[in-house]
Structures are given as structure tokens and as C-alpha cells.
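A.B. asks: I'd like to ask some things about the structure below.
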Amino acid sequence: MSDVATEQEIKQGIIEVLKTVYDPEIPVNIYDLGLIYEINVFPDREAEIVMTLTSPNCPAAGTLPGEVEQKAKSVAGVKDVTIELVFDPPWSQDMMSEEAKLELGLL
């Protein structure tokens, strides 16, 4: 068995650390909130995360992408991380996980 993490293991590791990042205005992690649109891990161990914010004017716009990048870089096997911040499609409550909806009393 290899000591090098597979692309799938790296992706799982990134998901786990992103579940420790919270939107400052909503007490739910950004992964369950639906702010992470894509996580791609390439054979060279570089990761790309496509994410959004709850709104383009979100107060966390200046800090959240950097925190996501820092946390993702801390995952074993990750060589580098690129963050792509997008606003299309716009975020909506429909993108939240069932857990997040329950936590916020939306179910």
C-alpha cells in the first residue's frame, strides 16, 4: 500500500477541513451551507475549489476564501490550492444540506 494519498482521499480530507470553516453570519459550516460548488484534485496533487458566498456583499468576502485556501493546503498530500470565487449560479437556501436546514430550523 502506498503512503501517498489518492486524489479521492485528498478530496475527502479537504471536505473534512472545510466542515470546520463557518460563515460568520450563519452557524453552519460552509460545506453543508452549500457554498462549495466543486472540489477538484488533479494528479499533480493540486486542488481547485470553486466556491461562492451567501451574497456578493458578504462581510466575509475578504477572509473566507483565504481561510478555505489555508485549510485545504493543510490536508496531507495537497501540494497547492486554487480558489475560484463565483457568483453564478447564485447561492440559495436550496443548496444547503438537510443537516444545515435542520440546524437552522428550515425543515
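Values in this text are rule-based calculations from the coordinates and carry no lab data. It should be emphasised that the depicted structure is a prediction, and the values quoted were computed from it without experimental measurement. When we count neighbours, we look across all protein chains shown, and the Cβ atoms used for this are built from the backbone with ideal geometry, even at glycine.
A.B. asks: Cut-off is 10 Å between beta-carbons; in what order do M95, M51 appear when sorted fewest neighbours first?
C.D. replies: The fewest-first ordering by Cβ neighbours comes to M95, M51.
A.B. asks: Another question, if that's okay. Treat each spin label as a single point 7 Å out from the Cα along the C-beta direction, and report the S74 to E9 distance in nm.
C.D. replies: Here the modelled spin labels are 2.0 nm apart.
A.B. asks: Residue separation times 0.36 nm, minus the C-alpha to C-alpha distance between I26 and T82: what's the value?
C.D. replies: 17.7 nm
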